[in-house]
Amino acid sequence: MLKSKDLLGIKELDGEEILYILDTAAGFKDVLMRDIKKVPTMRGRTVVNLFFEPSTRTRTSFELAAKRLSTDVINFSVPTSSVVKGESLIDTAQTVQALGADTMVVRHSSSGVLHLLAKHVRASVINAGDGINEHPTQALLDAFTMREKKGAFEGMEVAIVGDILHSRVAKSNVYCLKKLGAKVRLIGPPTLLPDCIRDLDVQVYHSMEEGLRGVDVVMMLRIQMERQGTGYFPSKDEYFRYWGLTAERLKLAKKDVIVMHPGPMNRGIEITSSIADGPHSVILEQVTNGLAVRMAIMYLLAGVRNENTH
Ligand code: CP
C-alpha cells in the first residue's frame, strides 16, 4: 500500500513502496502482452493530463495507460485554455476537479509547485516532471527496466552521465537507486554537477574513461538546451568529444552493459546513433515499460484515495 494519495517525487517514497509499484507494474505488463490489453480496473474514473511543458513519451504514455485502465481521459490543452488569460495553476486544477477529475498528471516548469498544488485538490496529483526537481515516473520505469534486465539492485553499478544539474530524471534516479541498494556514479563536467547531489553517497567522476569502467548500466542524459545559461560547456562538438557515449567508451563497461536514455535524444551530442540503436540499447523498452509502470501508479493511488474516503 502506498502512503500518499499523490506521487510528487521519489524523495517521498520508501524502498518498500518503490518495490510495490514495480511488482504491480509487472502484473500490468502481463496484461499488456495479451490480445486484449484493456482492464476495467478504473472504469468510471477520470484522469486529466495537464502539461505546461512539451512532452512526447510521458503524456502519450499516461494517456494510453489511463485508457488501458478504462478511465475517461482528458488532455488539457494549455495553449488554448484560459491559462493564456492568466488563470493560475491552482485555479485551473480546481476547475478541472470540479468537472470530476480523480487524477491529475501534471508537468510544470516550476520546481516544487506540485507539492503546493496537491494540498489544494482532493484528486491524486502525479508529478510528470517539475522544473529541475523530479520526474518520478521516469525513475520508476527506469528501475523496472533495470530489474527486468539485470535482476537485483544490490551491488548493481549504474553510471548516470551528462547534464545532471538540469536533469529531474537524474535526481529521481539517484534517490530511487540509492533506496533500492544500487551503487551510483555520476559522470559529467563540474559545471553540470550540482553540489547538493554529492551528499547522497554517490561517486563523482569528471572523466568518461574512469567513470564507465565496469558498470552494469549506463544512463545517458539529454543536454537540456532550453535550460542552459551561458558557460556550462564551450560547444556541442566539445561536449561530444568529452562526454559523448561512443562504441570505444562503451567497451570500458561490463560486456553485458545496458544503455538507457530517457529521451528525447540529441544524437551526435550525448550519444552516437550506433549506440542508441545498437544491441546494448534498451531505450525503446524503457518507453514500453513506462506504460505498465504508469498503469500501476494510477491504480495504486486510486486505492489510497478509496481508503481515505471510506
Ligand atoms: N522522458 C521524458 O520525459 O520524455 P518526454 O519529455 O517526451 O515526456
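For the pair Ala98 and Glu148, label points projected 7 Å from Cα toward Cβ lie 4.2 nm apart. Note on Thr60 and Thr80: the model spin-label points, each 7 Å out from Cα along the C-beta direction, lie 1.9 nm apart.
Proximity of backbone amide H atoms, modeled 1.01 Å from N, is registered between Ile74 and Val47, Val48, Asn49 at under 5 Å, excluding neighbours fewer than 5 places apart on the same chain. A convex hull fitted around the alpha carbon atoms of region 244-296 yields 78 Å³ per residue.
About the centre of its Cα atoms, region 24-125 shows a dipole size close to 320 debye [charges on the beta carbon of Lys, Arg (+1) and Asp, Glu (-1) only; nearest 20 debye].
Using a cut-off of under 19 Å, list every residue of region 267-307 whose amide N is near the label point 7 Å from the Cα of Glu238 along the Cα-to-beta-carbon line. Flagged as within label range: 268-271.
Taking the charge dipole of the chain about its Cα centre, with +1 at Lys and Arg Cβ atoms and -1 at Asp and Glu Cβ atoms, the residue from Asn266, Tyr299, Ile187 reaching farthest to the positive side is Tyr299. The label point for Asp256 and the one for Asp23, both projected 7 Å from the Cα toward the Cβ, are 2.4 nm apart. Each Cα pair of the chain feeds into the Kirkwood radius, which the Stokes-Einstein equation turns, at 37 °C and 0.692 mPa s, into a diffusion coefficient of 165 µm²/s.
Read the figures in this text as sums done on the coordinates, not as results from a lab. No experiment lies behind these values; they were computed from the predicted model shown. Don't worry about glycine lacking a Cβ; one is built from the backbone with ideal geometry, like all the others, and counts go over all protein chains shown.
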